[in-house]
1. Scan (1) crowded, with 17+ Cβ neighbours inside 10 Å; (2) touching a Ser or Thr at 6+ places or on another chain (Cβ under 8 Å); (3) among the hydroxyl-bearing types (Ser, Thr, Tyr) for the single condition THR669 breaks and write down its number.
2. Please pick out the residue among SER138, SER165 that is modelled with pLDDT of 80 or more, within 23 Å of CYS270 (Cβ to Cβ) and in contact with a strand residue (DSSP E or B) (Cβ under 6 Å, 6 or more places away or on another chain).
3. Being open to solvent by 60 Å² or more (accessible area, probe 1.4 Å) and either in a loop (DSSP other than H, G, I, E, B) or in contact with a helix residue (DSSP H, G or I) (Cβ under 8 Å, 6 or more places away or on another chain) (or both) is the filter here, so list the residues in the range 457-473 that pass it.
4. Which ones in the range 606-656 are under 17 Å from ASN589 (Cα atoms) and among the aliphatic types (A, V, I, L, M)?
5. Considering only the range 49-69, how many residues are outside any loop (DSSP other than H, G, I, E, B), at pLDDT 80 or above and not β-branched (Val, Ile, Thr)?
6. Which condition does ALA546 not pass, out of (1) at pLDDT 95 or above; (2) open to solvent by less than 40 Å² (accessible area, probe 1.4 Å), if it passes all the others?
7. Among the residues of the range 144-158, what is the count of those that are aliphatic (A, V, I, L, M) and assigned to a helix (DSSP H, G or I)?
Amino acid sequence: MEGKSPDLESIGSGTTTKRSSVSSGSRSRTRRDFLSRFTDSAHFTEKLEDWFASTLENSASEGPVFDVPFELVELQKFDYALEGISFQQLTRMPSPVYASSSNALEAKAYLAIEDFLHATVKSLWEAFWSQEEPVPFSVGCLYNQNLKFYQAERALALGKLEGLSATGILLKNPRHPHGKWDHILELALLRSDIGSFAQDSDRLPSLPVLGEALFYAVRILIARSVSRLDFSQSSNCVFILLVDSQYGGVVKVEGDVNKLDFDLNNVYECVADWIKKHSKIAVSPVDRIWNKLGNANWGDIGALQVVFATYHSIMQYFGAPRHSIEDLAADHSSRLHSRRQERQLGDTSLSENGMFRFQQSTMSPEIVEVQEESTKIEPEPSMKLEVGSVLWLEESNYQKGYQINEILTNGTLPYHIASPVDDAGKSVFLYVGSPPSQLEPAWEDMNLWYQVQRQTKILSIMKQRGLSSKYLPQLHGSGRIIHPGQCQKPSSGGRCDHPWCGTPILVTTPVGETVADLVNEGRFGPEEAIRCCHDCLSALSSSSSAGIRHGDIRPENVVYVTSGVRHPYFVLIGWGHAVLEDRDRPAMNLHFSSTYALQEGKLCAASDAESLIYMLYFCSGDFPELDSVEGALQWRETSWSKRLIQQKLGDISTVLKAFSDYVDSLCGTPYPLDYDIWLRRLKRNLSEDHGKEIESSG
């Protein structure tokens, strides 16, 4: 029996293996050399000009230029799967509305994109793959000069902002802290003009943008072809994200790089030829990802298609997830059913023991009409204060009486002008809070809490810190109402069953007409505008010296004091939304809030002064309709960039125009206002010099 010698078979096998290894090594070296020469995206894009032009021309009659990477039904199913998943982006995307410079905007945008991608891969990994295993990805910015990756903060600290070209999701590898190209899951290109392609759903990104995306895609594909990594799925597909500070889209490049001619003397022509003949390109519509507050709209289609691309990129390395999209999406029906059950309303009636009985409804619409039942619960007696009523206040074991003289409103909430019973000639502002007997306070009651309890706290702190300025309100009294009848409260800190018991009251001085009233009656002229600016600025100077910012400057919160004084002056009231520390939030007003307050929900050093400028501007006659934060931010951007605010205030006074220019230069910066110099300038522009009657600061 003849057979092959084990030794000869081994030798033959070894020879074949050796030849295969030599061939593979030679191929890898060629491709690495090819990759090292393929480094100029602009030169590569030039090679695609004719192809791009002919593709556009052919598409005019044959339909879309490129297919979309994802069908709408796929995104819908993915959206259902993501319903129970939380994405937490910590760094907001900056808005051009608020950028102090293009470099500052770009630097913050790279930080925001890095954080966005990190939040995406972290949430996807934990939801679909594993909650126990650590996230095996890192995110870094690509520095174009050496094609290495750096953490965004590190890159900016090293002064590499100008050379940053992309942000990538990579596999973690401690041996290669600056990343390797075959470790790249996905790249995001930050380009300022991406949003311009969102106006038309059929409009493609320009050739420079698309060419750069193809350039990076090919580099990744070539690097993967010589990688030692074990790809669970096909390595012939790459997703490139195109983003700016608001919009984003996805480019998918697919193809077999083994069909690429690796001619080291003709690298750009070879790759361009491969793009034309052997690649399949898909381009998504460009859609909004971030709103103008810098928050990602995770559930909208713009963010959804970017997250879906990242999901597929992870699958290329780690294979199918433990929890499939179908599994998680299947829970959508049960979640929807649960929501409907929660909203399902039936007839309610009282049982024999006085408890409400719930009857199951046969219908379960999302929105139902609740019919008025015959069973009615008598409301608690409301607190009716009329002109002539006397209200008694308990404060530190003392009782003070106040007679109501006028009932006013600040646009949303009532307040009163009253006189102390023991001093009928004196006038005070009296604010009545919400009775504590209401178990579920309404929104109006929350505003009452700011108007009464919170403002009481702020004015008490001002008094404790020794702030003394006639342009600030003074605390005349605060405490709890003394209701009619015998009070049966168990202790000094408790309350009885009477619905008025424990209702808080705040009393302040001085009293005056609001700027809103002056404007409505045509009595807010240039002289009043300059004096108002001076007096409010003086109040802000005093409060800022104690670390207090107002946060709610508007015409209803500035009063003009004329009674009992030789020279009228303005007082800044309404300190309920004042900011004492970082966790405090100012009031949000589309017309009067500063840009930083609308964007960040916080105040910067110049925010109150910016609100003061808006108040003076709107009081001069222009009052646009603003119905959203985005619209308010857009109005601010347009008005400041076209100098409409400065021009309008310049019609009133040159000093107000100069002050608005000064405030504009400080908006969004940490630099404090120089109160003293502007108080002196404003004082010089008043028609009368009242000497010591005008204070420069508190």
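1. With (1) crowded, with 17+ Cβ neighbours inside 10 Å; (2) touching a Ser or Thr at 6+ places or on another chain (Cβ under 8 Å); (3) among the hydroxyl-bearing types (Ser, Thr, Tyr) applied to THR669, the lone miss is (1).
2. Result: SER165 is the single residue among SER138, SER165 that is modelled with pLDDT of 80 or more, within 23 Å of CYS270 (Cβ to Cβ) and in contact with a strand residue (DSSP E or B) (Cβ under 6 Å, 6 or more places away or on another chain).
3. Correct list: ARG465, SER468.
4. Correct list: ALA606, ALA609, LEU612, ILE613, MET615, LEU616, LEU626, VAL629, ALA632, LEU633.
5. Of the residues in that region, 8 qualify.
6. Going through the list (1) at pLDDT 95 or above; (2) open to solvent by less than 40 Å² (accessible area, probe 1.4 Å), ALA546 breaks only (1).
7. Of the residues in the range 144-158, 4 are aliphatic (A, V, I, L, M) and assigned to a helix (DSSP H, G or I).
Residue-wise test of (1) of a type in the set (D, E, K, R); (2) free of Cβ contacts under 8 Å to residues at least 40 places away in the same chain.
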| site | (1), (2) |
| --- | --- |
| VAL121 | no, no |
| GLU132 | yes, yes |
| ARG154 | yes, yes |
| GLY159 | no, yes |
| ILE169 | no, no |
| HIS176 | no, yes |
| ARG191 | yes, no |
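The values are calculated or read from the model by the stated rules, or taken from the named source; none is laboratory data. Remember, predicted model here, so these are calculated numbers, not experimental data. Cβ sites come from the backbone with ideal geometry, for glycine too, and all protein chains shown count toward neighbours. Protein only, heavy atoms only, side chains kept; ligands, DNA and RNA dropped before computing areas. Shrake-Rupley method; radii C 1.70, N 1.55, O 1.52, S 1.80 Å.
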